[in-house]
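Here is the structure we will look at.
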Amino acid sequence: MTHHPSRRARTTLGAVGLAGVLVASLAACSSDSSSGDPAPAASGGVSKVDVTLTSASGSDACDLSTASVPAGPVTFTVTNKDSAAISEFELLSDDRIVGEKENLAPGLAPVSFTVTLGGGQYQVYCPGAQNDTVAFTVTGKAATPTGSTQALLQDGTQGYGDYVDGQVAGMVTAVGALKTAVDSGDVAAAQQAYGQARPFYEKVESDVEGFTLPGTDPTDNSGNLDYLIDMRASNLDPAVGWHGFHAVERDLFQKKAITTGTKKLAAELDTNVGKLAELSKGLTYKPEDLANGAAGLLEEVQANKIKGEEELYSHIDLVDFASNVEGAEQAFAYLKPGLEKIDPDLTDTVSTRFDDVKTLLAGYEDPDAVGGYTTYTAALKASDSAKLSQAVQALQEPLSKIAEKVATAQ
Amino acid sequence: MTTLRDRRDDPADPDERRRLSRRSFLGGGVAGLAAGALAGGLGGAAIAHARADEDAPADVSETAVPFYDQTHQGGIATPPQRYVVFASYDLTTTDAGDLQVLLARWSASIAQLQAGRNLGTVEPSRPSGVPTDTGEAADLGPNALTVTLGLGPGVFDDRFGLARHRPARFDHLPELPSDRLDPKLTGGDLSLQACAEDPQVAYHAIRDLSRLARGTAVVRWTVMGFGRASAGKGQTTPRNLMGFKDGTRNIKTDADLDQFVWHDGTDQAWMQGGTYQVARKIQMNIENWDADQIGDQHAVFGRTKQEGAPLSGTQEFDTPDFARKDASGELVIPATSHVALAAHENNGGLKILRRSYNFTDGMDEYGQINAGLLFIAYMNDPAAFVTMQTKLGRSDRLNEYISHVGSGVFAVPPAPATGHYVAEPLFG
C-alpha cells in the first residue's frame, strides 16, 4: 500500500478501504516457502508476496506465497483466513522492523503494504503462529543507506534536542519573570507569572526530571532538581522540606499573600532552574527516548492532571495538561518522518488521536484565565474528567507501540 | 446436592476432581444442551456420569467452550457459570470501518480467551515491546469462559449507515413503571457479558477487550456479579441476595429455547440463531428486607424461602396453583406476588430465559449496602420483557424492596463460522 499522508485514517481503515484495490486472487497463496521458488508475480516492477494466516486444530500458521523476491519494491498482501491467534505481521531485517500490519482478524479484507527492499536476508514475524519466524530472501544488490529510516529518525532526535533546549531557555526567562513579580509584592501579577512559567517544565519534564546536583547521592532529595523544582505537597520528604513551583503556588493562590518566605522560595526556584538549564544543555537523544518521553508525559496527564492533584491551589491543571500533550506531540512529530516509513497506519492513528485530544482541550481555552485555560474546578472535574481521561487513553495505547518500532528501525 | 465447587474446595478429595469430565461438560452442557448430564454447576447427575470417563482432564478450570461454528453464541444457553463481568460500551467513533475492525478483533480475541490462550504475548521478547495481554489470567485456564457480544440500538442509528439492518422489533426500551434508571448505568452501543468459573478470568476478558476498544469505544457501565442467580438446565436452583431461589421455572428445554429465545431471522436474516439481551441492574433495599418478617417475605415472592415451593404446594417444582384460595377466601399465592405476576400462565404463555447474577458494590453514600441482582434475560422479542416488566413495575409487591437503576437492550447475533466474526453480514 502506498501511504497517503493526508488521509485521516483510524486504526485500520486499510483493512476496509483496500478491499478490491489490490490483489484479485488470494486463494493460491499458501505454497511451500522453501528455497528455489520461481520468480514471484510482478507487475510494473513491483514484486508481490501474499501472506496467508491460517489455523488448523489449534495450530496457527503464517505462510508466504514465495520465500524470495528480487531487490526493489515489494508489495505484501496479508490475508487472515481463519487465525484468531495472529493479529500482527512484521517484516524484519536483522531484528529491525522494515514494515508491518496490525489489527488483522479473520473476516476482514486483506491489507497490503509496499516497501523497497535491498538484497539480503529478512525474516517474516507473525506473533502467535507456530512458525512465528519465517526466512525471506531478497536477491540482488543491497540497499543504499542514504535516506534510511534510521537516518530520518536521527534527524528527528536532533530537531527534538533543539526543541528541548528552547523550552528550557524559555523556562529560565519565565521563572525569572515570576521571581520579579513575586519580589514586587503584587499577588495578581505573580499569579499571572506563575501561569506563564508552568508550561515550559511540563512540556519537557520527561527529559529534564532526572538531574541531580553534581556530587549528591541519588537518594538524597536535597540534591534532586526535580524534587526541588516541581514537588507537590502530597509527596514531601520531611527531611528536605518543600521547595519549588508548588510551594510558591500555595502562597500565591491559597494564602494569597507574598511573604519573605515566598520571595525566598521564588529566588531559590530561579537558581535551581538555572542549574537545570546548565546540566541539561546539549542533551542528545535516541529515537526511543522521544517515544518513551512522550509516553511519560501522557502518564503524567493521567496520574496527576486528570485528578487535579498537580495544581492543588491554582487549579490550572488544564494548562499543565495542554503542556504535557504539546511536549508529547512534539516528540512524536520529530519521529514522524521515520515512523511513517515503518508503520504508516500507526502514524496516522497517533496523529488522529493527538488531534482528538487537542480538539477536546481547545474547548477549555479561556484567554482571561491564568495560563489561558479554564480553571479545573471540582465541578468541572466531576463532569469532564472521564471524557478527558478516555481521550488520552485512546492516544496512549497506540503511542505505547512507537518505542519498539523506532528502536528497531533500520 | 453436591456441587462441583464443594468438591474443588475439598483438598481431601482429589480423585473426585480428576473424575470430573471435561468431555461430558462439553457434550452435554455447551455443544448441544442435549440430554442428561449437564455440568458447569453441577448436580450429582453430572458427576455420576463423569465417573465413567477416567481419561478426561481434571477440573473445571480446564473446561473450554468453543467459539466458532456454533449455532448460537456462548453464554446464553450455556449452563450459567459462577461469575460474570458485564460491560456496556459507547462507541466514540462514527466510522463504520472502526466498528467493523473492533467486532472482528473482539471476535478473534474472544476465541482465544475462551480457549484459555493469551491475547498475543504477556512478555514480549524485545525490551521495548509492550505486552499485548495484561497477564492476570495467564495461568488460570479457560474456566468455561464465554463472552457474549451484543449490539445496542445505537449501532443502527444514523452514525454508521447500518439502519437498514435494524430488526423491526429492536429499539431502545421504553420507560417502564417503577423505573428509577441512572443515565450513567443505562444504555450502550455494545455489550460484552463475560462469564466464567473463576472471576479473574471473566475480569481479564473484559479488561483486555476494553483495552482493544480504546479509541473506538469506551466502557459506559459495568457490573461484576457472582452467585449465578438463575438456574440452567441440570443445575440446582441458586439463590438471590434476598435468600430466595431464583430461576426455578426458568427455560430449560430446547423446545422453549426455540420458541422463546432464538431469533428465526424473519425480518433480518443476519439475526437467525441470535437473540435479544436485556440487562437490568436491580438494587435491593437489603436492610429493609432483612427486617421483614418471613410471612411477608413469602407473600412477596409467592414462594417459601427454604424449599422454594409455591405457596400453593410443598415442593420447589410443584406447579403453582394461582386459583387456590384459603379458608377465608383469599388467594394462597397473592395476585401481586412476584411469582404470580411473572408466571407464564398469567402472561399468555410468555417466557424468557433468565441468566442473572448477584452483585455488590460495597456501601452507598447513605450508609446502606449497595447490592442486588444483575438481571440478564434473553428472548426473541424485546417486547416480552416490556410486557412482563410493565406488569411487575405496576403492582409487584417486590417493588417495595427493589429499584431498577440500570438498563440496556442488545441484539446478540449468532456465533460466527471459522474465519469470520460476529455481525459480519452487516458489513457485506
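Here the stretch B:142-158 is the region considered, the condition is being assigned to a strand (DSSP E or B) and either out of contact with any Phe, Trp or Tyr (no Cβ under 7 Å at 6 or more places or on another chain) or among the small types (Gly, Ala, Ser) (or both), and the residue that is nearest to the other protein chains (Cβ to nearest Cβ) is B:Val147. Just give me the residues in the stretch A:73-103 being outside any strand (DSSP E or B), within 11 Å of another protein chain (Cβ to nearest Cβ) and touching a residue at least 60 places away in the same chain (Cβ under 8 Å), in sequence order. Within the stretch A:73-103, A:Asp95, A:Glu102, A:Asn103 qualify.
Screening B:Gln268, B:Gln293 for residues that are exposed (fewer than 15 other Cβ atoms within 10 Å of the Cβ), more than 22 Å from the chain's Cα centre (by Cα) and polar (S, T, N, Q) leaves exactly one candidate, B:Gln293. Looking for something of a type in the set (Gly, Ala, Ser), touching a helix residue (DSSP H, G or I) at 6+ places or on another chain (Cβ under 6 Å) and at pLDDT 95 or above - is there at least one such residue anywhere in the stretch B:298-305? Checked against the condition, which is being of a type in the set (Gly, Ala, Ser), touching a helix residue (DSSP H, G or I) at 6+ places or on another chain (Cβ under 6 Å) and at pLDDT 95 or above, the stretch B:298-305 yields at least one hit. Among the residues making up the stretch A:115-137, a single one is of a type in the set (Phe, Trp, Tyr), away from chain B (no Cβ under 14 Å) and without any contact (Cβ under 8 Å) to a residue 40 or more places away in the chain: A:Tyr122. Kindly evaluate A:Phe136 against the criterion of being of a type in the set (Phe, Trp, Tyr), in a strand (DSSP E or B), surrounded by 14 or more Cβ atoms within 10 Å (Cβ to Cβ) and at pLDDT below 90. Here the answer is no, as A:Phe136 does not meet what is asked.
The conditions of being part of a helix (DSSP H, G or I), acidic (Asp, Glu) and either within 12 Å of another protein chain (Cβ to nearest Cβ) or under 30 Å from A:Gln191 (Cβ atoms) (or both) are met by A:Glu326. Suppose the filter is modelled with pLDDT of 95 or more and at negative phi; does B:Arg169 pass it? No: the conditions fail for B:Arg169. Filtering B:Ala163, B:Ala205, B:Ala213 for residues that are crowded, with 20+ Cβ neighbours inside 10 Å and touching a Phe, Trp or Tyr at 6+ places or on another chain (Cβ under 9 Å) leaves a single hit, B:Ala213. Tallying residues that are more than 14 Å from chain A (Cβ to nearest Cβ) and over 19 Å from B:Gln315 (Cα atoms) within the stretch B:222-253 yields 10. B:Asp139 satisfies every condition listed in (1) away from chain A (no Cβ under 14 Å); (2) within 21 Å of B:Leu209 (Cβ to Cβ); (3) surrounded by 18 or more Cβ atoms within 10 Å (Cβ to Cβ); (4) not hydroxyl-bearing (Ser, Thr, Tyr) except (3). Would you be able to say whether some residue in the stretch A:105-114 is part of a loop (DSSP other than H, G, I, E, B), in contact with an Asp or Glu (Cβ under 8 Å, 6 or more places away or on another chain), within 14 Å of chain B (Cβ to nearest Cβ) and modelled with pLDDT of 90 or more? Yes: one or more hits.
Working only within the stretch A:216-264, note down all residues that are crowded, with 20+ Cβ neighbours inside 10 Å, assigned to a helix (DSSP H, G or I) and without any contact (Cβ under 8 Å) to a residue 24 or more places away in the chain. Those that are crowded, with 20+ Cβ neighbours inside 10 Å, assigned to a helix (DSSP H, G or I) and without any contact (Cβ under 8 Å) to a residue 24 or more places away in the chain: A:Asn221, A:Tyr227, A:Ala247, A:Asp251. How many residues does the stretch B:55-107 contain that are of a type in the set (D, E, K, R), under 25 Å from B:Leu140 (Cβ atoms) and outside any loop (DSSP other than H, G, I, E, B)? Of the residues in that region, 2 qualify. Starting from residues that are touching a helix residue (DSSP H, G or I) at 6+ places or on another chain (Cβ under 8 Å) and farther than 15 Å from B:Tyr203 by Cα, keep the ones in the stretch B:71-89 and report whichever is farthest from the other protein chains (Cβ to nearest Cβ). Residue satisfying both the conditions and the ranking: B:Pro79. Selection of the stretch A:267-313 for residues being in contact with a Ser or Thr (Cβ under 6 Å, 6 or more places away or on another chain) and not in a helix (DSSP H, G or I) yields A:Tyr285, A:Ile306.
Taken as a whole, the structure leaves A:Ala382 outside the set of residues that are over 30 Å from A:Tyr125 (Cα atoms), at the interface with another protein chain (Cβ under 9 Å from one of its Cβ atoms) and outside any strand (DSSP E or B). Looking across the stretch B:93-152, the residues that are acidic (Asp, Glu) and more than 29 Å from A:Ala407 (Cα to Cα) come down to B:Asp95, B:Asp139. Considered as a group, the residues in the stretch A:385-410 that are more than 8 Å from chain B (Cβ to nearest Cβ) and assigned to a loop (DSSP other than H, G, I, E, B) include one that is surrounded by the most Cβ atoms within 10 Å (Cβ to Cβ), and that residue is A:Ala409.
If you go through the stretch B:104-131 and pick out every residue that is more than 8 Å from chain A (Cβ to nearest Cβ) and free of Cβ contacts under 8 Å to residues at least 60 places away in the same chain, you end up with 8.
Among the residues of this structure, A:Asp356 counts as one that is without any contact (Cβ under 8 Å) to a residue 40 or more places away in the chain, of a type outside the set (A, V, I, L, M) and in contact with a helix residue (DSSP H, G or I) (Cβ under 7 Å, 6 or more places away or on another chain). In the stretch B:400-428, the qualifying residues are those that are more than 22 Å from the chain's Cα centre (by Cα) and more than 13 Å from chain A (Cβ to nearest Cβ), and the one that is farthest from B:Asn370 (Cα to Cα) is B:Glu400.
So that you can scan it fast, the table gives a plain yes or no per residue for (1) aromatic (Phe, Trp, Tyr); (2) touching a strand residue (DSSP E or B) at 6+ places or on another chain (Cβ under 9 Å); (3) modelled with pLDDT under 95; (4) within 25 Å of A:Lys256 (Cα to Cα):
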position	(1), (2), (3), (4)
A:Val301	no, no, yes, no
A:Ile306	no, no, yes, yes
A:Lys341	no, yes, yes, no
A:Pro344	no, yes, yes, no
A:Leu361	no, yes, no, no
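For the stretch A:139-159, the criterion of being of a type in the set (Ser, Thr, Tyr), within 14 Å of chain B (Cβ to nearest Cβ), touching a residue at least 24 places away in the same chain (Cβ under 8 Å) and under 30 Å from A:Thr54 (Cβ atoms) is satisfied by no residue at all. Among residues belonging to the stretch B:203-221 that are of a type in the set (Gly, Ala, Ser) and part of a helix (DSSP H, G or I), point out the one that is farthest from the other protein chains (Cβ to nearest Cβ). By that ranking, first place goes to B:Ala205. Each residue in the stretch A:47-72 was checked for being in a strand (DSSP E or B), farther than 18 Å from A:Gln130 by Cα and β-branched (Val, Ile, Thr), and 2 of them qualify. In this structure, is A:Asp366 away from every other protein chain (no Cβ under 12 Å) and either crowded, with 22+ Cβ neighbours inside 10 Å or under 12 Å from the mean Cα position of the chain (by Cα) (or both)? No; evaluated as a whole, the condition is false for this residue.
The values are calculated or read from the model by the stated rules, or taken from the named source; none is laboratory data. This structure is a prediction, so every number in the text was calculated from the model and none was measured. Virtual Cβ from ideal backbone geometry, glycine too; neighbours counted across all protein chains shown.
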